[in-house]
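Novice: First the structure, which I've put down as structure tokens, then a few questions once you've had a look.
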Amino acid sequence: MNPHSVTAPLDAEQIDFVQGPVSINAASRDAAFVPSAARGFGCRVDDDGRRITVFLPCGRCADLLADLRAGGPVAVVFSRPSTHRTLQVKGLAATVTPLALGDRDVMLDYGRRFGEEIVMLEFDDGFANAMTAGAGEDAVAAAFVPTAIYDQTPGPGAGRRLTPPS
């Protein structure tokens with residue numbers, strides 16, 4: 001069995017973490033293996049942890065959206081600035097759709113909470129506003145099924161797979 005073809009649902013603590021005040025960076029690649037990446041502005045995780053939806057601002061990630069729509073794999077890194085705790089979640093492909101009812105509110109709340117997180121670290125309001133501006137932009141939802149979760153927190157455990165294949 002291909003270890004990358006099984007699902008790796010997030011547990012309750014991981015769901016809480018990725019929906020928290022974290023930096024979100026999504027990436028994919030095209031058929032020639034040229035990478036694409038963009039900042040995400042919030043996410044939604046199904047209650048069972050089997051589907052993650054990341055919100056991506058349309059104007060800031062044309063290459064990433066093209067790669068996802070073409071069926072490229074997806075990797076999303078969630079990192080909390082105050083602790084440097086970082087999770088990387090991978091999936092085989094993502095489905096890009098318009099935002100659902102309530103997603104805009106999730107994005108705006110994400111922007112507020114992430115802004116508070118970085119201001120707490122003594123970044124000024126101007127920097128926080130620039131970092132969270134995408135939360136108010138036209139956006140889409142990129143949903144994927146996690147196939148692997150990795151601890152990417154700096155230190156000796158970085159790169160360790162957290163959810164073994166079932």
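Each reported figure results from applying straightforward, stated rules to the coordinates on display, with no laboratory input. All values reported here derive from a predicted model rather than from experimental measurement. Glycine gets a Cβ as well: all are built from the backbone with ideal geometry, and neighbour counts include every protein chain shown.
Novice: Can you tell me the relative contact order of the chain? Whole percent, Cα pairs under 8 Å, sequence separation 6 or more.
Specialist: 30 percent
Novice: Run the quick spin-label model on A70 and R161: label points 7 Å from Cα toward the beta carbon, then report their separation in nm to one decimal.
Specialist: 2.8 nm
Novice: A follow-up question, please. Taking 0.36 nm per residue of sequence separation and subtracting the Cα-Cα distance, how much length would be gained by fully extending the chain between V96 and D48, in nm to one decimal?
Specialist: Answer, rounded to one decimal: 15.2 nm.
Novice: Between D109 and A31, how high is the FRET efficiency from 1/(1 + (r/R0)^6) when r is the Cβ-Cβ distance and R₀ = 41 Å? Nearest 0.05.
Specialist: 0.65
Novice: Between the range 40-66 and the range 87-166, how far is it from one alpha carbon centroid to the other, in angstrom?
Specialist: Here the two parts' Cα centres lie 8 Å apart.
Novice: Can you classify the chain as rounded, prolate or oblate using the Cα gyration tensor, where a ≥ b ≥ c are the square roots of its eigenvalues, rounded means a/c under 1.5, and otherwise it's prolate if a/b beats b/c and oblate if not?
Specialist: oblate
Novice: Is the C-alpha gyration tensor of the range 88-166 telling us rounded, prolate or oblate? Criteria: a/c under 1.5 is rounded; beyond that, a/b larger than b/c is prolate, otherwise oblate.
Specialist: oblate
Novice: Counting Lys and Arg as +1 and Asp and Glu as -1, what is the net charge of the other residues whose Cβ lies under 15 Å from the Cβ of G155?
Specialist: Within the 15 Å Cβ shell, the charges total +2.
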